[in-house]
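A.B. asks: Structure provided below as structure tokens; questions to follow.
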Amino acid sequence: MRHEDFMQAAVELAEKGMGYVSPNPMVGAVIVRDGEIIASGYHERYGGLHAERNAFKQCDEKGIDCRGADMYVTLEPCCHHGKQPPCTEAVTAHGIRRVFVGSSDPNPLVSGRGTEFLRSNGIEVTEGILKDRCDRLNEIFFKYITTGLPFVTVKYAMTLDGKTACCTGESKWITGETARRHVHRERQRHAAIMVGIGTVLADDPMLTCRTENGRDPLRIICDTKLRIPESSNIVRTADRVPTMIVCGNDSSEKAEMLRKAGCRIVCLPDGNGGTDLVGLMRMLGREKVDSVLIEGGGTLAWSALESGIADKVMAYTAPKIFGGKTAFTSVGGKGAAKPSEAFLLEDTAVTMLDGDILIEGRVKKCSRD
């Protein structure tokens, strides 16, 4: 097997921690001797053992001597005390000969110090194995740890002509089951899911994660005038699923009713009849919410782009055409006045999902003055 094969095995392990380690990174590690994986581990839950220590735990439990072996780890081993002791100390204590690293850790507490510690203790370190793949694995963590702000993904499902519903408002379903399962995987990946009140009124969604052993994200509803119905699925399940409603006035009787139902009410008006999205992201960051998946609708999608909070776009596209000049489109708002003002995506990727097409990319950050 090649170095890349062993690192890929570590990546696949790391992904098992998706949704459970936030706001920590997903990390996987494998220990290799004579071209064979002899032990492995991943960061399973926030506060639990890190990937390297879980791999060493497996060695100890199976009576495996890993002295002189190689370790492949998706992220630079930590060298500071947090909820767990430094992994660099465990690596040296277990006599690992060589360490192969995927991503460097941008955490100021690590950032090169981990590999420096290993090298100073006589361990050979090779960096950048499957770097792009390992970087994508932790794009959420990288932004959050360096800025204190959530990583924001704008997601929508649309037809080939950009419609998110028919002229009647009917929208179920645009994409097929494979694409919808992929969306639930993204809900698992993100710490919060956010929609506008229009989506709640039109679709009465649950906004939960329906994957095996899934974890429901925090539900955030942008509802400036508190129009959300008491009978909605969101309100009826707020005592079981964490729910935040962001409004412009939190002192009304409606607000008190929603609180009693289990909703958290946050007042963050932007002064223009909408929600202060930048202020909301700062608040969420302080509360260790490292990522937000924006699912609807077109007005909120435009606001996320216009305000500069959007980091990524995921457009699930079905090979269908709805037509209709009054039908809803995936991104609304005032729109760009000319092509040169368009929001650009970079690092784009295309994935086929059983007939549907996922187009995703990072929002290029640039001045729009």
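A.B. asks: How many residues, within segment 56-68, are assigned to a loop (DSSP other than H, G, I, E, B) and surrounded by fewer than 21 Cβ atoms within 10 Å (Cβ to Cβ)?
C.D. replies: Looking only at that region, the number is 5.
A.B. asks: Residues 16, 83: which one is surrounded by fewer than 24 Cβ atoms within 10 Å (Cβ to Cβ), assigned to a helix (DSSP H, G or I) and among the basic types (Lys, Arg)?
C.D. replies: That would be 16, the only listed residue that is surrounded by fewer than 24 Cβ atoms within 10 Å (Cβ to Cβ), assigned to a helix (DSSP H, G or I) and among the basic types (Lys, Arg).
A.B. asks: What are the residues in segment 194-241 that are farther than 16 Å from residue 155 by Cα, assigned to a loop (DSSP other than H, G, I, E, B) and of a type in the set (A, V, I, L, M, F, W, C), if any?
C.D. replies: 206, 226, 228, 238, 241
A.B. asks: Turning to a different aspect of this structure: Within segment 165-213, count every residue that is under 28 Å from residue 283 (Cβ atoms), touching a residue at least 40 places away in the same chain (Cβ under 8 Å) and polar (S, T, N, Q).
C.D. replies: Here the count works out to 2.
A.B. asks: Further question: Could you check segment 242-252 and list, in sequence order, the residues that are in a loop (DSSP other than H, G, I, E, B), open to solvent by less than 50 Å² (accessible area, probe 1.4 Å) and in contact with a strand residue (DSSP E or B) (Cβ under 6 Å, 6 or more places away or on another chain)?
C.D. replies: 248
A.B. asks: Another question about this same structure. Conditions first: (1) crowded, with 20+ Cβ neighbours inside 10 Å; (2) under 20 Å from the mean Cα position of the chain (by Cα); (3) in a loop (DSSP other than H, G, I, E, B). Residue 365 passes all but one, so which condition is the exception?
C.D. replies: (1)
A.B. asks: Is it the case that segment 254-273 has a residue that's of a type in the set (Gly, Ala, Ser), assigned to a loop (DSSP other than H, G, I, E, B) and modelled with pLDDT under 95?
C.D. replies: yes
A.B. asks: Being of a type in the set (Ser, Thr, Tyr) and modelled with pLDDT under 95 is the requirement here; does residue 329 meet it?
C.D. replies: It is true that residue 329 is of a type in the set (Ser, Thr, Tyr) and modelled with pLDDT under 95.
A.B. asks: Inside segment 172-193, can you point out the residues that are assigned to a loop (DSSP other than H, G, I, E, B), of a type outside the set (Val, Ile, Thr) and either touching a Phe, Trp or Tyr at 6+ places or on another chain (Cβ under 6 Å) or surrounded by fewer than 20 Cβ atoms within 10 Å (Cβ to Cβ) (or both)?
C.D. replies: 172, 173, 176
A.B. asks: Sticking with this one: Just name the residue that is surrounded by the fewest Cβ atoms within 10 Å (Cβ to Cβ) out of those in segment 313-344 that are among the basic types (Lys, Arg) and closer than 20 Å to residue 198 by Cβ.
C.D. replies: In this case the residue turns out to be 325.
A.B. asks: Residue under question is residue 154, and the condition is that it be of a type in the set (Val, Ile, Thr), surrounded by fewer than 20 Cβ atoms within 10 Å (Cβ to Cβ) and modelled with pLDDT of 95 or more; does it hold?
C.D. replies: In short, no.
A.B. asks: Which residues, taken from segment 244-258, are in contact with a Ser or Thr (Cβ under 8 Å, 6 or more places away or on another chain) and either over 19 Å from residue 217 (Cα atoms) or charged (D, E, K, R) (or both)?
C.D. replies: Matches in segment 244-258: 247, 248.
A.B. asks: With the requirement that a residue be closer than 25 Å to residue 174 by Cα, of a type outside the set (Ser, Thr, Tyr) and open to solvent by 50 Å² or more (accessible area, probe 1.4 Å), what does segment 345-362 give you?
C.D. replies: 345, 350, 352, 354, 357, 359, 362
A.B. asks: Another question, if that's okay. Of all residues in segment 268-278, how many are closer than 20 Å to residue 242 by Cβ and surrounded by fewer than 15 Cβ atoms within 10 Å (Cβ to Cβ)?
C.D. replies: Residues meeting the conditions: 0.
A.B. asks: Hey, another quick one. So how many residues does segment 217-231 have that are within 23 Å of residue 273 (Cα to Cα) and among the polar types (S, T, N, Q)?
C.D. replies: Residues in segment 217-231 being within 23 Å of residue 273 (Cα to Cα) and among the polar types (S, T, N, Q): 1 in total.
A.B. asks: Could you tell me which of the residues 322, 343 is among the aromatic types (Phe, Trp, Tyr) and either part of a strand (DSSP E or B) or free of Cβ contacts under 8 Å to residues at least 60 places away in the same chain (or both)?
C.D. replies: After applying the criteria, what remains is 343.
A.B. asks: Taking segment 105-155 only, how many residues are basic (Lys, Arg), over 17 Å from residue 347 (Cβ atoms) and without any contact (Cβ under 8 Å) to a residue 12 or more places away in the chain?
C.D. replies: Adding up the residues that qualify gives 1.
A.B. asks: Right, another one. In segment 35-55, which residue that is open to solvent by 30 Å² or more (accessible area, probe 1.4 Å) and of a type in the set (A, V, I, L, M) is nearest to residue 9 (Cα to Cα)?
C.D. replies: 37
The values are calculated or read from the model by the stated rules, or taken from the named source; none is laboratory data. Source: prediction; values computed, not measured. Methodologically, a virtual Cβ is constructed for each residue, glycine included, from the backbone with ideal geometry; neighbour enumeration extends over all protein chains shown. For accessibility, only protein heavy atoms count, side chains too; no ligands or nucleic acids. Shrake-Rupley method; radii C 1.70, N 1.55, O 1.52, S 1.80 Å.
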